[in-house]
DNA sequence: CTCGATAATGAGAGTGATTCTCATTTAGGG
DNA sequence: CCCTAAATGAGAATCACTCTCATTATCGAG
Ligand SMILES: [Mn+2]
Ligand SMILES: [Mn+2]
Ligand SMILES: [Zn+2]
Ligand SMILES: [Zn+2]
């Protein structure tokens with residue numbers, strides 16, 4: 001039952017991403033160009049958490065020749081029309097992920113292998129709204145990321161090292 | 001009563017920050033230099049959430065002449081020895097804050113005036129650990145920031161605008 | 001289908017926070 | 001006081017991202 005529903009929604013989803021994009025472009029007087037089509041295809045064809053650079057590499061792999069300027073511009077549009085969202089996990093680059101067809105969630109980030117795992121906690125969401133209200137804030141959005149070491153990495157030397165440093169870790173700078 | 005206690009702890013705190021710093025430097029074979037002394041003084045003399053640039057301006061105000069290189073290097077050391085912590089609120093620059101003498105907390109950030117308010121929620125902390133455990137993660141640290149509009153800004157046109165855009169807001173890029 | 005106004009694109013310059021390089025000073029133990 | 005390792009400052013370098021602008025492409029009107 002749940003399975004059938006998800007499958008159907010996913011099917012609709014695939015179609016709707018393009019529809020939403022086109023509707024948004026029309027509404028804003030923007031144009032549906034070849035690069036934008038190609039990027040939409042690449043992005044919604046697969047992966048869910050990616051950086052601009054990873055997407056750029058993916059373009060090259062598939063011989064889709066697009067400038068970084070256009071890539072960034074398209075990511076901005078897709079974020080504006082709520083097909084993507086951007087996350088700042090404190091690293092160098094922002095991570096983007098699909099929004100359409102996905103419910104809100106937060107993230108666990110493995111400090112050893114950079115794996116990103118999603119989780120949902122309605123209780124946490126509730127407590128956040130409560131905290132905001134108590135302090136007179138009108139909450140608009142939030143960012144919650146838990147950094148740690150995933151089960152797989154906890155078995156490795158690298159993972160153990162990260163955990164150790166976790167208790168009393170250095171930031172370190174050269175020179 | 002509460003007042004007297006805080007005052008006393010603050011007095012101890014002031015002393016201990018220097019002690020911790022000196023102990024850390026000695027342990028690492030680093031030197032206690034004039035610039036480092038001056039920065040420690042400036043940082044722990046007052047404000048609690050600041051960017052590297054704000055600290056740099058403060059240096060100039062007080063005729064403390066220090067290069068940005070040294071400033072950043074010192075911030076890294078202070079973060080290493082757990083006197084400061086760094087936060088990435090998604091803006092341009094990182095924010096630093098005092099750790100010694102402060103309990104762990106998370107932040108509310110006003111998108112209109114950039115004010116930062118602290119809050120604590122043991123319940124949220126508990127739920128976070130629970131979520132991590134369920135997914136096999138060993139949590140090391142986390143970052144929770146709630147972005148919204150503070151009570152004061154909610155009265156202003158700017159604040160209202162931010163709240164409106166919150167429901168269906170643009171990312172916008174020029175060109 | 002043809003045009004023309006308007007938007008988009010690519011290449012490369014520009015940004016801004018942070019880091020690095022390196023020649024020149026210090027700190028501090030012996 | 002001396003010596004050596006560490007620190008400092010000035011400016012170059014990074015790096016993700018944005019902007020500039022000359023050259024195309026889109027698409028709706030005619
Ligand atoms: Mn996600
Ligand atoms: Mn704080
Ligand atoms: Zn991992
Ligand atoms: Zn405010």
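All of the numbers you see were taken from the coordinates with simple rules; none came from a lab. None of these values were measured; they are calculated from a predicted model. Virtual Cβ from ideal backbone geometry, glycine too; neighbours counted across all protein chains shown.
For the protein assembly as shown, the spread of Cα positions along the three principal axes, ordered from largest to smallest, is 64, 54, 43 Å. A label point on residue A:22, set 7 Å along the Cα-to-Cβ line, lies at 7.3 nm from each of its counterparts in the other copies, closest listed first.
The orientation-averaged projection of the convex hull spanning the C-alpha atoms of the stretch B:103-170 amounts to 6.2 square nanometres.
Kindly express, to the nearest 10 degrees and within the range 0 to 90, the angle between helix B:68-80's C-alpha long axis and the longest C-alpha principal axis of chain B. Approximately 90 degrees, to the nearest ten.
Both radii are taken from the alpha-carbon atoms of the stretch B:37-81; with Rh as the Kirkwood radius, Rg/Rh is 0.91. For the stretch B:93-123, backbone nitrogen atoms closer than 12 Å to the point 7 Å from residue B:20 Cα along Cα-to-C-beta are found at B:97-104. Mean separation of Cα pairs under 8 Å and 6 or more residues apart, divided by the residue count, gives chain B a relative contact order of 16 percent.
For the stretch A:103-170, the share of DSSP beta bridges that are antiparallel, to the nearest 5, is 50%. Using only Cα atoms, find the angle between the long axis of helix A:52-61 and the longest principal axis of chain A, and express it within 0 to 90 degrees, rounded to the nearest 10. In chain A, helix A:52-61 runs at an angle near 60 degrees to the longest axis.
Taken residue by residue and averaged, Cβ atoms of other chains lying within 10 Å of the Cβ of B:105-112 number 3. Roughly what angle does helix A:157-167 make with the longest principal axis of chain A, taking Cα atoms, 0 to 90 degrees, to the nearest 10? Value to nearest ten degrees: 70. Position residue B:105: other-copy label points at 3.2 nm, ordered by increasing distance, label point 7 Å along Cα→C-beta. Each Cα pair under 8 Å and six or more residues apart adds its sequence gap; the mean of these over the residue count of the stretch B:103-170 is a relative contact order of 36 percent. Peptide A:69-79 has a mean of 2 when you count, residue by residue, the C-beta atoms of other protein chains within 10 Å of its C-beta. Across the identical copies, the 7 Å label point of residue B:35, projected outward along Cα→Cβ, sits 4.2 nm from its counterparts, in ascending order. With a Cα-only, solvent-free Debye model of chain B, what are the log10 I(q)/I(0) values at q = 0.15 Å⁻¹? Values, matching the q order: -1.07. Please report the base-10 log of the normalised intensity I(q)/I(0) for the stretch A:1-102, using a Debye sum with one equal scatterer per alpha carbon and no solvent, at each q in 0.18, 0.22 (1/Å). Computed log10 I(q)/I(0) values: -0.88, -1.23. Distance from the C-alpha centroid of the stretch A:44-58 to that of the stretch B:21-98: 37 Å, rounded to the whole angstrom.
The stretch A:130-151 and the stretch B:107-140 have Cα centres separated by 5 Å.
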